[in-house]
Amino acid sequence: MEQAYEATRRAFSQTLLRLAKNNRHIVAMTSDSRGSVTLNAYAEELPEQYIEMGIAEQNLVSAASGLTSFGFVPFVCSPACFLSMRSIEQVKVDVAYSATNVKLIGISAGVSYGALGMSHHSLQDFAVMRAIPNLAIIAPCDAVQTEAVTEVIAAFQGPVYVRLGRNPVSQVYAPGTDCFQWGKAVELAVGNDVTIIATGEVVQAAVTAAKQLRQQGIKARVLNMHTIKPLDNEAVLRAARETRAIITVEEHSVMGGLGGAVAEVLGQHQPCPLRIMAIADEVTPSGSQSELLAHYGLDAAGITACVTGVAREAARDRAFK
Amino acid sequence: MCAVNGSRKAAEIRKLVLDMIFHAGSGHIGGSLSAAEILVSLYYGTMRVDPTNPTWPERDRFILSKGHSVEVYYAVLADLGFFPREELDTFCQFGSRLIGHTNTKVPGVEHNTGSLGHGLSVGMGMALGAKRAHSLSRVFVLMGDGELTEGSVWEAAMAAAHYKLDNLTAIIDRNGLQISGPTENVMQLEPLADKWRAFGWHVTEVSGHDFDELVAALNAEKLGKPHLVLAKTTKGKGISFIENQAHWHHGVPSEEQYLQAKAELEAQWEEASGVGAGIRSN
């Protein structure tokens, strides 16, 4: 099958330009990140709705919260590694606590900067953002879903963090698909043996893995958990009841991300075998995004291998009961 | 237009601050007392606000960046009728909206503060928003001097000058003390006015306890650049044993001290009532 590839940041900037042309309250703000967000066309077409803040992420986020006082809807666009760490206190106090209508757009998240190293990797953003009340967290899986997410959050009143990638990703969804409902996981593959819950750009690998698993006779349910917060607890609990084990897949630290969120729900309400596939709690080796994802088993082959093992263990445990 | 006796109003506000802190057994008294004239000059002599309509879109905005000095802010808002004055008795009580740092649940408060060094950034964003929205609203930010060591203050200072935000006025409560001692011992700030000028601001130095100087500075003509009012103040102003004592940053008076402080403030109020000097408000 012919696969289309597009970067989520590009889908975001094109959608934002379209929306902003019809809504003068939308403003895009950057931290010398206009090019890396792919906002050049936006800035040229809508200079009155574009604000450059320089390399000063703390001021960037606080100033955005100030702009909401005059009805603006600021989209703060900055590399996720800096936005989620350098300005995390501004996110906490000026955005979430002050309940200002700011949209935080973290681009080039996860290990998408590849060999640029740990300073540029964003592997803690889910963890820190999740612990802040009054802040929604969304990680679209491809360009089509990014477009849908951008439309929804532009109309939503309240703080949101959206995590986007850098490199072109294969499309999970055909263009025009209705693929984003706030806080509702999307079932991308049907199955009752095990459930793979994935988020962001590794969702595609989970879908491919499910196809490979089916050839081995393992029917894996795949959930696209695009909304990390509020988490679709019901979908997680249903998976725990209806399938034998859950495997979470994310381009984030093994600590405090999707896996942590799922574990919190399962541990308290429906204990069930769980495997968290994520980036280990260590300084990553040098490598491209795809090399690093493969190194940590976050590609289709790695997910297939992990799920095969988990399914085998789950079946054995069940046989002994 | 209304005229207010600034000295008398400041004494009234200080009495409310003292009562709040004494009854709550908690609070930041030193910086609240040093900022009393600044707040009175802003709210009774400068800003356009409507206590009956706190979110009036054309209002001027104020941000208390030194959010720990919230007692003086709540006292002024209550005095103006943004919320009932009796509610000041709930300061820091369980479930009260009058928590120990500014909180937007309180009518008239624009933004939550408490972590230092945020206010100027927020205000700079508001001022930029006002410009882009073609609003005539002005934005005022009150900072402590101790908080000026936060790097984000200077990020905001740079951006405000870059965008020529002449609708933005920052005020520094230059009382010279922070929790550990004199600001210049903790981390040197001087030459402070020169620093702001170098960042592209127009700087006016005033006595922070002189209404005429404060009101004139706060209503100064726009000069195409952001305006810094460097207000020289005395920390703990108005209560003799609290003045210029770093440890009174967040001290709570004993009953004996409370009674003495109250008597001193009463005397100031009476003296000011006799003087009858007024400031004008629009």
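All of the numbers you see were taken from the coordinates with simple rules; none came from a lab. Not measured: the values here are computed from a predicted model. Quick reminder, even Gly has a Cβ in these numbers, built from the backbone with ideal geometry, and neighbours come from all protein chains shown.
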- Note to self: Kirkwood Rh of the range A:162-321, Cα pairs, one decimal, Å, is 15.8 Å
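Wrap a convex hull around the Cα atoms of chain A, take a quarter of its surface area, and give that in square nanometres.
15.7 nm²
Quick one: dipole size for the range A:5-170, taken about the Cα centre, charges +1 on Lys/Arg Cβ and -1 on Asp/Glu Cβ, in debye to the nearest 20.
180 debye
Which value results when the Cα radius of gyration for the range A:234-321 is divided by 2.2 N^0.38 Å? Walk me through the numbers before you get to the answer.
Values: Rg = 14.1 Å, N = 88, 2.2 N^0.38 = 12.1 Å.
Taking the Cα Rg and dividing by 2.2 N^0.38 Å, one obtains 1.17.
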- Query: Quick one: what do you get for the protein assembly as shown if you divide its Cα Rg by 2.2 N^0.38 Å?
  - Reply: 1.11
- Per DSSP H run of n ≥ 4, the term is -39500 (n - 2.57); total these for chain B, divide by its residue number, and report the mean residue ellipticity at 222 nm rounded to 500 deg cm²/dmol. -12000 deg cm²/dmol
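Could you check what % of the DSSP bridge pairs in the protein assembly as shown are antiparallel, to the nearest 5? Please list the in-between numbers first.
Working: 13 of 69 bridges.
Percentage antiparallel, nearest 5: 20.
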- Query: Once phi is turned into θ = phi - 60°, what whole-Hz ³J(HN,Hα) does the Karplus curve with 6.51, -1.76 and 1.60 give for every residue of the range A:102-110, x standing for Gly and Pro?
  - Reply: 9, 10, 9, 10, x, 9, 6, 7, x
- Query: Cα centroids of the range A:155-179 and the range B:1-47: how far apart, whole angstrom?
  - Reply: 50 Å
- Taking the dipole of the protein assembly as shown about the Cα centre (Lys, Arg +1; Asp, Glu -1; charges at Cβ), the one of B:N53, A:V76, A:G256 that reaches farthest to the positive side is A:G256
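Exactly which chymotrypsin sites (Phe, Trp or Tyr not before Pro) in the range B:138-167 are in a DSSP loop and have at most 16 other Cβ atoms within 10 Å? Intermediate results must be reported in sequence, preceding the final value.
On the way: sites: B:F140, B:W154, B:Y163; in loops: B:Y163.
In loop regions of the range B:138-167 (DSSP not H, G, I, E or B), there are no sparsely surrounded chymotrypsin sites (Phe, Trp or Tyr not before Pro).
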- Note on the structure: When B:W269, B:W201 are ranked with the fewest other C-beta atoms within 10 Å first, the list becomes B:W269, B:W201
- Message: 7 Å from Cα along Cα→Cβ at both B:V186 and B:L259: what's the point-to-point distance in nm?
- Response: 3.4 nm
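In what order do A:I26, B:I239 fall by count of nearby beta-carbon atoms within 10 Å, going from fewest to most? Let's see the in-between values first.
Values: A:I26 20, B:I239 24.
Taking fewest neighbouring Cβ atoms as first place, the list is A:I26, B:I239.
Let me check I've understood the local charge: for A:N40, count other residues with C-beta under 15 angstrom from its C-beta, Lys and Arg +1, Asp and Glu -1. What total comes out? Don't skip to the answer; put the middle values down first.
On the way: positive: A:R9, A:R10, A:R34; negative: A:D32, A:E44, A:E45, A:E52.
Neighbour charge sum, excluding A:N40 itself: -1.
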- Task: Would you mind giving the average projected area, over all directions, of the Cα convex hull of chain B in nm² with one decimal?
- Result: 13.5 nm²
- Could you list A:L292, B:L39, B:L142 in order of exposure, starting from the residue whose Cβ has the fewest other Cβ atoms within 10 Å? A:L292, B:L39, B:L142
- Note on the structure: Expected integer from the mean partner chain Cβ neighbour count at 10 Å over B:111-121 is 6
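Among DSSP beta bridges whose residues both lie in chain A, state the antiparallel percentage, nearest 5.
Numbers: 8 of 42 bridges.
Around 20 percent antiparallel, to the nearest 5.
Based on Cβ point charges of +1 for Lys and Arg and -1 for Asp and Glu, what charge dipole magnitude is obtained for the protein assembly as shown about its Cα centre, in debye rounded to the nearest 20? Walk me through the numbers on the way to the answer.
Numbers: 51 positive and 63 negative charges, 339 e Å.
With only Lys, Arg, Asp and Glu charged at Cβ, the dipole is about 1620 debye.
Rounded to the nearest 5, what % of DSSP beta bridges with both residues in chain B are antiparallel? Could you put the intermediate results ahead of the total?
Values: 5 of 27 bridges.
Bridges in chain B that DSSP calls antiparallel: roughly 20 percent.
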- Query: Karplus couplings for the range B:99-110 from phi (6.51 cos²θ - 1.76 cosθ + 1.60, θ = phi - 60°), rounded to Hz, Gly and Pro as x?
  - Reply: 7, x, 9, 4, 8, 6, 5, 8, x, x, 7, 7
- Query: Taking every residue in B:196-207, how many Cβ atoms of other protein chains lie within 10 Å of its Cβ, on average?
  - Reply: 0
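Longest exposed-loop-site-free stretch of chain A, with GluC sites (Glu not before Pro), DSSP loop and at most 11 other Cβ within 10 Å? Before the final figure, lay out each step's value.
Values: sites that count: A:E2, A:E282.
The longest uninterrupted stretch comes out as A:3-281.
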- Task: In whole angstrom, note down how far apart the Cα centers of the range B:94-130 and the range A:101-122 are.
- Result: 29 Å
- Query: With contacts defined as alpha carbon pairs under 8 Å and 6 or more residues apart, what's the relative contact order of chain A in percent?
  - Reply: 17 percent
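Extension gain A:E89-A:L116, at 0.36 nm per residue separation less the Cα-Cα distance, in nm? It would help to have the intermediate numbers written out before the result.
Numbers: separation 27, 0.36 × 27 = 9.72 nm, distance 2.50 nm.
Length gained between A:E89 and A:L116: 7.2 nm.
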- Dipole magnitude of the range B:2-281, debye to nearest 20 (Cβ charges: Lys/Arg +1, Asp/Glu -1, about Cα centre): 980 debye
- Query: Which shape class, rounded, prolate or oblate, goes with the range B:1-113 when its Cα gyration tensor gives a ≥ b ≥ c as root eigenvalues, a/c under 1.5 marks rounded, and past that a/b bigger than b/c marks prolate?
  - Reply: oblate
- For the range A:1-45 and the range A:246-310, what is the separation of their C-alpha centers, rounded to whole Å? 30 Å
- Query: Which three semi-axes in whole Å describe the equivalent ellipsoid of the range A:5-170, each the square root of 5 times a Cα gyration tensor eigenvalue, listed largest first?
  - Reply: 20, 19, 15
- Task: Of the options A:T150, A:A131, A:N22, report the single residue whose Cα projects farthest towards the positive end of the charge dipole of the range A:5-170 (beta-carbon charges: Lys, Arg +1; Asp, Glu -1).
- Result: A:A131
- Work out the FRET efficiency for B:R48 and B:Q245 from their Cβ-Cβ distance, taking R0 = 35 Å, and round it to the nearest 0.05. 0.45
- Item | Filtered GluC sites (Glu not before Pro), the range B:34-86: DSSP coil and at most 14 other beta carbons within 10 Å | B:E58
- For the protein assembly as shown, build the charge dipole from Cβ charges (+1 Lys, Arg; -1 Asp, Glu) around the Cα centre, then report which of A:A305, A:T195, A:Q216 sits farthest towards its positive end. A:Q216
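What FRET efficiency would be calculated for the residue pair A:V152, A:S290, taking the C-beta separation as r and a Förster radius of 35 Å, to the nearest 0.05?
On the way: r = 29 Å, r/R0 = 0.84.
Once rounded, the FRET efficiency stands at 0.75.
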- Item | chain A - mean residue ellipticity at 222 nm from DSSP helices (-39,500 (n - 2.57) per run, n ≥ 4, rounded to 500) | -11000 deg cm²/dmol
- Note on the structure: For the range A:122-167, averaging the sequence separation of alpha carbon pairs under 8 Å that lie six or more residues apart and dividing by its residue count, the contact order in percent is 44 percent
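Could you work out the relative contact order of chain B, using alpha carbon pairs under 8 angstrom and six or more residues apart, expressed as a whole percent?
This gives 28 percent for chain B.
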